[in-house]
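Visitor: Here you go, one structure.
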Amino acid sequence: MKRATASLISLAAMLLLGCAMPEPPKRIALLYGVSKYNSSLNEGVYPNLSAPDDDVNAMEAGLLSKGWEVRKKINGVASKTQIKADIAALAGSNAIVLFYFSGHGVSYNDTAYICPYGAIDSSNNLLLYECITPKELYSYLKLAGLGHAIIILDSCYSGAFVEEGPSIDAIPPVFGVNDKGYIKYKLFLDAGPEAFWQYISYSQSPSYVTLSAAGSKELSYETSSWGHGVFTYAVLNAMEDPKADLDKDSYVDSSELFEYSRNYLNKYWNNIYKNNYDTDSGQYADYHPHLSGSPREYALWKND
C-alpha cells in the first residue's frame, strides 16, 4: 500500500512537471497624443495643445516599468488612418489591449469625437471625417477580434465613449457643485446590485472598459504647472502611489484607477477651480472622470 501511494505521488509529480503553467496574457498599450494639430503654430497656440505629447511619453515610461509592451504615436503620425491600422495589426491576438488618447475632443449634433492628427486643417477648420466616434473606435476593436481592451481617454466630451450597459459610476454627464443634477449613488460600490442585473444581459459582449477624463458634456483640461493633462496626471500618480491599491491585493485594477483619479481630481483640481466659470462653454471648471462600469475588471499593473 505504501508503494502504491508512493507511485501515485510520483506519477502526480511527473504530470505536474509535464504541464507548464499558463503564461499571463500579453499586454499591449497603444498610445496616441496630439499636441501639434497645426505645424505652423507653436505648441499651446490654438488649436495646438501643450501636454498630449508629454502625456504619451510619461504614460510610455510608466507602462513599460509595469511590464506592458508599448507602441506609441505622437503628433503627425497619430492619425485616424494610423490608429485604425495599428488596431487592425493586432487581429488574431489574445492580448489585453490598452488604448490611450490625449488630445482634442469635440461634440457635434450630440455625437462625440476624439480628434487625431489631421482632424484640424492648416486653416484651423475641423474635419469631422478625420475624427473618431465611439462607434468607430469600438468597431475597430471588434473587427480585429480583440475581446479585451481598456480605453483611457484624456479629451473633452470623452464620457460619450463610455458604453451604455452596466455603467456604475453613476455620475451625471455634467458634474460639479455648481451644475444641476445629482449623483444617484453617493458611493461607487452602492451601484453594484443594479449593475449586476444589467450585467446579466451584457456579459456575452466584448469586455471593453473605458475610463474617460470628463463627462459626455464636459471639457477636460491641461495645466502647465503639472505639465500634463489633469486626468493623465492623476493616472500617472496612480502608477506610483501605494494608496491606488484600494483593496490591498498588490494590484491596481480599472475600477481602482477610476476611484483614485476621481478622488485625486476632486482634491487637487475641483476643490480649487469649482467656481471658475468659462463663459465660452457655459461650464464651470470642475469635472469628473467616468467609468464604463462593467463588472469585469482588469489588473492594470502590480503595485510595487
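The values are calculated or read from the model by the stated rules, or taken from the named source; none is laboratory data. Predicted model, so just to flag it, every value in this text is computed and none were measured. All Cβ positions, even for glycine, are placed from backbone atoms using ideal geometry, and neighbour counts span all protein chains on display.
Visitor: Could you list, in sequence order, all residues of segment 68-91 that are in a strand (DSSP E or B) and aliphatic (A, V, I, L, M)? Let's see the steps before the verdict.
Guide: To start, the set of residues in segment 68-91 that are in a strand (DSSP E or B) comprises 69-74, 79.
Answer for segment 68-91, where residues must be in a strand (DSSP E or B) and aliphatic (A, V, I, L, M): 70, 74.
Visitor: Looking only at segment 256-270, how many residues end up being among the charged types (D, E, K, R) and farther than 15 Å from residue 212 by Cβ?
Guide: Step one: list which residues in segment 256-270 are among the charged types (D, E, K, R), which gives 256, 259, 262, 267.
Remaining after also requiring farther than 15 Å from residue 212 by Cβ: 256, 267.
Within segment 256-270, residues that are among the charged types (D, E, K, R) and farther than 15 Å from residue 212 by Cβ number 2.
Visitor: Report whether or not residue 235 is modelled with pLDDT of 90 or more, in a strand (DSSP E or B) and out of contact with any His (no Cβ under 6 Å at 6 or more places or on another chain).
Guide: Working: modelled with pLDDT of 90 or more: yes; in a strand (DSSP E or B): no; out of contact with any His (no Cβ under 6 Å at 6 or more places or on another chain): yes.
When the stated conditions are applied, residue 235 does not pass them.
Visitor: Quick one: would you say residue 37 is part of a loop (DSSP other than H, G, I, E, B), surrounded by 14 or more Cβ atoms within 10 Å (Cβ to Cβ), among the aromatic types (Phe, Trp, Tyr) and over 17 Å from the mean Cα position of the chain (by Cα)?
Guide: Details: part of a loop (DSSP other than H, G, I, E, B): yes; surrounded by 14 or more Cβ atoms within 10 Å (Cβ to Cβ): yes; among the aromatic types (Phe, Trp, Tyr): yes; over 17 Å from the mean Cα position of the chain (by Cα): yes.
For residue 37, the condition - part of a loop (DSSP other than H, G, I, E, B), surrounded by 14 or more Cβ atoms within 10 Å (Cβ to Cβ), among the aromatic types (Phe, Trp, Tyr) and over 17 Å from the mean Cα position of the chain (by Cα) - is met.
Visitor: I'd like to know if segment 10-30 contains one or more residues that are modelled with pLDDT under 95, in a helix (DSSP H, G or I) and polar (S, T, N, Q).
Guide: yes
Visitor: Looking only at segment 44-54, decide whether some residue is in a helix (DSSP H, G or I) and farther than 25 Å from residue 303 by Cβ.
Guide: Within segment 44-54, the first condition is being in a helix (DSSP H, G or I), and the residues that meet it are 52-54.
Filter once more, keeping what is farther than 25 Å from residue 303 by Cβ: 52-53.
Scanning segment 44-54 turns up at least one residue that is in a helix (DSSP H, G or I) and farther than 25 Å from residue 303 by Cβ.
For every residue, the table says whether it meets (1) crowded, with 19+ Cβ neighbours inside 10 Å; (2) aliphatic (A, V, I, L, M); (3) modelled with pLDDT under 95; (4) touching an Asp or Glu at 6+ places or on another chain (Cβ under 6 Å).
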residue: 154; (1), (2), (3), (4): yes, no, no, no
residue: 157; (1), (2), (3), (4): yes, no, yes, no
residue: 172; (1), (2), (3), (4): yes, no, yes, no
residue: 183; (1), (2), (3), (4): no, yes, yes, no
residue: 190; (1), (2), (3), (4): no, no, yes, no
residue: 209; (1), (2), (3), (4): yes, yes, yes, no
residue: 231; (1), (2), (3), (4): yes, no, no, yes
residue: 247; (1), (2), (3), (4): no, no, yes, no
residue: 250; (1), (2), (3), (4): no, no, yes, no
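Visitor: Just wondering, is there one or more residues in segment 104-120 that are polar (S, T, N, Q), buried (at least 20 other Cβ atoms within 10 Å of the Cβ), part of a loop (DSSP other than H, G, I, E, B) and free of Cβ contacts under 8 Å to residues at least 24 places away in the same chain? Spell out the reasoning first.
Guide: We begin by selecting, within segment 104-120, every residue polar (S, T, N, Q); these are 107, 109, 111.
From what's left, buried (at least 20 other Cβ atoms within 10 Å of the Cβ): none.
No, segment 104-120 has no match at all.
Visitor: Going through segment 122-150 one residue at a time, which ones are in contact (Cβ under 8 Å) with a residue 24 or more places away in the chain, exposed (fewer than 15 other Cβ atoms within 10 Å of the Cβ) and more than 23 Å from residue 298 (Cβ to Cβ)?
Guide: Across segment 122-150, the qualifying residues are 122, 124.
Visitor: Run down 205, 254, 220 and say which single residue is under 21 Å from the mean Cα position of the chain (by Cα) and modelled with pLDDT under 60. Full working, then the answer.
Guide: On the way: 254 fails: modelled with pLDDT under 60; 220 fails: modelled with pLDDT under 60.
Among 205, 254, 220, only 205 is under 21 Å from the mean Cα position of the chain (by Cα) and modelled with pLDDT under 60.
Visitor: Is it the case that residue 280 is free of Cβ contacts under 8 Å to residues at least 12 places away in the same chain and within 16 Å of residue 220 (Cβ to Cβ)? Steps first, answer last, please.
Guide: Details: free of Cβ contacts under 8 Å to residues at least 12 places away in the same chain: yes; within 16 Å of residue 220 (Cβ to Cβ): yes.
For residue 280, the condition - free of Cβ contacts under 8 Å to residues at least 12 places away in the same chain and within 16 Å of residue 220 (Cβ to Cβ) - is met.
Visitor: Go through (1) over 25 Å from residue 215 (Cβ atoms); (2) in contact (Cβ under 8 Å) with a residue 60 or more places away in the chain; (3) more than 20 Å from the chain's Cα centre (by Cα) one by one and return the number of the condition residue 90 breaks.
Guide: (3)
Visitor: Quick one: which of 277, 268, 260 is buried (at least 21 other Cβ atoms within 10 Å of the Cβ), of a type outside the set (A, V, I, L, M, F, W, C) and farther than 16 Å from residue 150 by Cα? It would help to see each step written out before you state the result.
Guide: Working: 277 fails: buried (at least 21 other Cβ atoms within 10 Å of the Cβ); 268 fails: buried (at least 21 other Cβ atoms within 10 Å of the Cβ).
Every option except 260 fails the conditions.
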